[in-house]
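For reference, the structure is listed below as structure tokens.
The values are calculated or read from the model by the stated rules, or taken from the named source; none is laboratory data. Source: prediction; values computed, not measured. All Cβ positions, glycine included, derive from the backbone under ideal geometry; neighbour counts span all protein chains shown.
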Amino acid sequence: MKKFFKYGFISLAVLLVIGCSVFFIWSQQTYHPSKKLNHLVPSIPHEDNWIIFEPKENLAEKSTGIILYPGAKVEPEAYSYIAQRFSDKGYFVGIPQVRLNLSMLDTNKAAEAINQYTSIEKWYVGGHSLGGVSAASFAKNHPNRVNGLIFLASYPSSGNSFADTNLPILSIYAENDGLTTLNKINETKKLLSNESVLYKINGGNHAQFGMYGPQKGDKEATLTAKEQQDIIIDVMSEWLENH
């Protein structure tokens with residue numbers, strides 16, 4: 001009997017190690033920035049485990065910060081075009097490198113930037129796909145530190161409803177998104193606050209909320225990645241100016 005338990009324990013331990021190894025290898029198979037992104041943003045500023053785009057000195061003092069959580073298994077550099085454009089407009093933008101490339105394992109990552117850059121008066125957190133779910137979790141758990149929430153092809157989980165709040169929320173989604181589908185967006189509208197704005201990108205898809213090429217399960221876009229990103233930037237800019 002003792003041998004049975006001994007071998008059973010060893011077998012479970014081996015299975016656990018194999019399972020963890022498979023999960024780790026899977027998490028490292030990431031989506032990398034596209035050649036187009038590298039052309040548009042030839043220099044990406046890294047700082048510790050963050051990509052940080054700060055506004056130029058000749059622009060207004062950095063009083064507003066944006067934190068964007070990356071999508072699952074997407075390299076944070078893939079969102080550098082959006083970040084650079086907003087830094088050109090005078091915003092501070094931070095994109096974190098998250099644990100095992102899965103933001104849900106690092107939902108409190110935004111606190112690092114908020115605690116470090118104390119001169120910034122307003123903070124908006126958001127993210128793409130699973131990154132938006134993580135941003136919603138942070139916003140829900142830190143209501144006094146977040147001035148607004150931005151969903152890029154994303155939505156809050158059922159456990160993080162904002163229906164009873166006045167938190168400003170912007171949700172940008174795409175017509176041809178094969179992952180965050182229109183049905184899912186409609187199903188989760190009830191979780192948004194009464195201060196929410198929703199915007200649909202006609203012809204856009206899931207992967208082009210970043211710049212990392214095609215993604216499995218997605219649909220084909222009728223816009224280029226840059227065209228879709230420019231729409232995202234315009235919609236976000238107008239919303240931020242109003243808040």
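Being in a helix (DSSP H, G or I), without any contact (Cβ under 8 Å) to a residue 24 or more places away in the chain and over 16 Å from the mean Cα position of the chain (by Cα): is that true of Asn186 here? Write out each step before concluding.
Working: in a helix (DSSP H, G or I): yes; without any contact (Cβ under 8 Å) to a residue 24 or more places away in the chain: yes; over 16 Å from the mean Cα position of the chain (by Cα): yes.
Yes; evaluated as a whole, the condition is true for this residue.
Taking into account only those residues within region 45-59 that are assigned to a loop (DSSP other than H, G, I, E, B) and touching a strand residue (DSSP E or B) at 6+ places or on another chain (Cβ under 7 Å), which is modelled with the lowest pLDDT? Let's see the steps before the verdict.
So the first thing to find is which residues in region 45-59 are assigned to a loop (DSSP other than H, G, I, E, B), and the list is 45, 48-49, 54-59.
Subset that is touching a strand residue (DSSP E or B) at 6+ places or on another chain (Cβ under 7 Å): 45, 49, 54-55.
Values: Pro45: 94, Asn49: 93, Glu54: 92, Pro55: 89.
It comes out as Pro55.
Can you pull out the residues in region 64-76 that are in contact with a His (Cβ under 8 Å, 6 or more places away or on another chain) and not aliphatic (A, V, I, L, M)?
Here is the first cut: in region 64-76, the ones in contact with a His (Cβ under 8 Å, 6 or more places away or on another chain) are 68-71, 74-75.
Tyr69, Pro70, Gly71, Glu75, listed by residue number.
Could you give every pair whose Cβ atoms fall below 6 Å, whose first residue belongs to region 53-80 and is within 21 Å of His206 (Cβ to Cβ) and crowded, with 24+ Cβ neighbours inside 10 Å, and whose second residue is of a type in the set (Phe, Trp, Tyr) and modelled with pLDDT under 90, counting only separations of at least 6 or pairs across chains?
What qualifies is Val74/Tyr31.
Out of (1) buried (at least 21 other Cβ atoms within 10 Å of the Cβ); (2) more than 24 Å from Gln97 (Cβ to Cβ); (3) in contact (Cβ under 8 Å) with a residue 40 or more places away in the chain, the odd one out for Gly178 is which?
Condition not satisfied by Gly178: (1).
Those residues that are touching a residue at least 24 places away in the same chain (Cβ under 8 Å) and surrounded by fewer than 23 Cβ atoms within 10 Å (Cβ to Cβ), I need them from region 202-224; list them, please.
Asn202, Gly203, Gly213, Gln215, Gly217, Asp218, Lys219, Glu220, Ala221, Thr222
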